Amino acid sequence: RRQHKRNPQNPGDPRIAAFAKSSPADWCYLAEGALNLTCKYSGPEPVLMGSVLRLRKYNPDATGGARQANPWPDSLRFIKQVMLPLLGSRYVHPGVEVRIPIGFLRKLGAHIGNARPSKRRMYELDSEVNTALICW
């Protein structure tokens, strides 16, 4: 993959701008666990090819009913302190936190709904979390 010299957290990064303009229809269901759901980019923007979006689900069974407005600091810390040293940067990209456009989660949920395993559909994307992690 082509390496970008800009800081990925820089709002001027073309990948962040491309994500902000992407449509929920540009993303396909990839996998999910108890708390997170991932989608891969399948749209027309070359700069986003190979990107994976990690979104938070609302699952009170897994969180004891607690909600976090921003769950990513703990996830990023785990990725950087545990996963990255174990597997290396060739296999692990911590991700960059990006804002989710208004209405994106609802539309994405509808778009990928039928691709999700039926046992996972009882927990929707958490509409109170307005950010996601994107890995390039």
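The values are calculated or read from the model by the stated rules, or taken from the named source; none is laboratory data. Just so we're clear, the structure is a prediction, and the values are computed from it rather than from any experiment. No Cβ is skipped: glycine too gets one built from the backbone with ideal geometry, and neighbour counts run over all protein chains shown. The accessibility values were calculated without ligands, DNA or RNA, using every heavy atom of the protein model including side chains. Shrake-Rupley method; radii C 1.70, N 1.55, O 1.52, S 1.80 Å.
Just a few scattered comments:
- Potential extension, residue 31-residue 110 segment - 0.36 nm per residue separation minus Cα distance: 26.9 nm
- Computed lengthening from residue 127 to residue 80, 0.36 nm per intervening residue step minus Cα-Cα distance: 14.3 nm
- Protein-only accessible surface at a 1.4 angstrom probe places the residues 136, 27 in the order 136, 27, largest first.
- Most mobile listed residue (76, 30, 87) in the chain, GNM with C-alpha springs under 10 Å: 87
- In the context of the full protein assembly, residue 107 retains an accessible surface of approximately 110 Å², using a probe radius of 1.4 Å and ignoring ligands and nucleic acids.
- Cleavage-rule hits, GluC sites (Glu not before Pro), the range 85-136, DSSP coil, Cβ neighbours within 10 Å at most 16: 124, 128
- Taken over the C-alpha atoms, the range 34-87 has Rg and Dmax values of 14.1, 40 angstrom.
- Test item: Cα-centred dipole of the chain, Lys/Arg +1 and Asp/Glu -1 on Cβ, debye: 320 debye
- Carbon/sulfur fraction of accessible area - the range 64-136, other protein chains in place, 1.4 Å, %: 54 percent
- In angstrom, the C-alpha Rg and Dmax of the range 66-105 are 12.8, 37.
- Number of Lys pairs (Cα under 28 Å; 8 or more positions apart or on different chains) in the chain: 14
- 14 Å beta-carbon shell around residue 67, net charge (K/R +1, D/E -1): -3
- Stokes-Einstein D for the chain, Kirkwood Rh over Cα pairs, 37 °C, 0.692 mPa s (µm²/s): 210 µm²/s
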